[in-house]
Amino acid sequence: MPVNVSWEQATSFCKKLSLLPEEKKAGREYRLPTEAEWEYACRATSTTAYCFGESREELENYAWVDEAGFGRPHPVGEKKANRWGLFDMHGNVSEWCQDLHGDLAGYEVTDPKGYGSGWGRVYRGGNYEFGADHSRSASRAGEKESIDIHFIGFRAAMSRPAKQSESEASSK
């Protein structure tokens, strides 16, 4: 997992990946996940504080957080995955999201598309420096787009390729 990258660097990487000939040909576009997509992936159908339940004690089996993170990022996959096979959603490094950071009070939170204005960008997930409260599925924070912090990385999302028209599919 890349770390110590700014939001700007993360989005630039996704754009460059999308421009690779093989990816363009397949119609795949990469980007940072929206905040809602990130939380959906983290929860993996759960409605509890963590993807596995409410127990802070169980968190050590899923996440590198300050109590057990030893002050550094760790290779992905050393802890348990969530129900969907995703590792390190609750800890190790926090991850940039596409959305601008703003106050969610009074905002529609069912599959939100993000703010039209705000300060900085959202990052989600706990990390090896923060504790259990910052590692909850719903925990969120924000930072300037240009800043790179040693405990923030990113996870790219892929947009579904557009469906081919019948004439394009039959000509292949």
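Data for the structure
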| quantity | calculated |
| --- | --- |
| With all protein chains modelled, accessible area of L20 [1.4 Å, Å²] | 80 Å² |
| Exposure of T47 as accessible area (Å², to 10), given a probe of 1.4 Å and all protein chains | 130 Å² |
| Order of exposure, largest accessible area first, which applies to H101, H90 with probe 1.4 Å | H101, H90 |
| M158, M89, ranked by accessible area, largest first (probe 1.4 Å) | M158, M89 |
| Accessible surface of C51 - all protein chains present, 1.4 Å probe, nearest 10 Å² | 10 Å² |
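The values are calculated or read from the model by the stated rules, or taken from the named source; none is laboratory data. Source: prediction; values computed, not measured. Remember, those area values only see protein heavy atoms, side chains included, never the ligands or the DNA or RNA. Shrake-Rupley method; radii C 1.70, N 1.55, O 1.52, S 1.80 Å.
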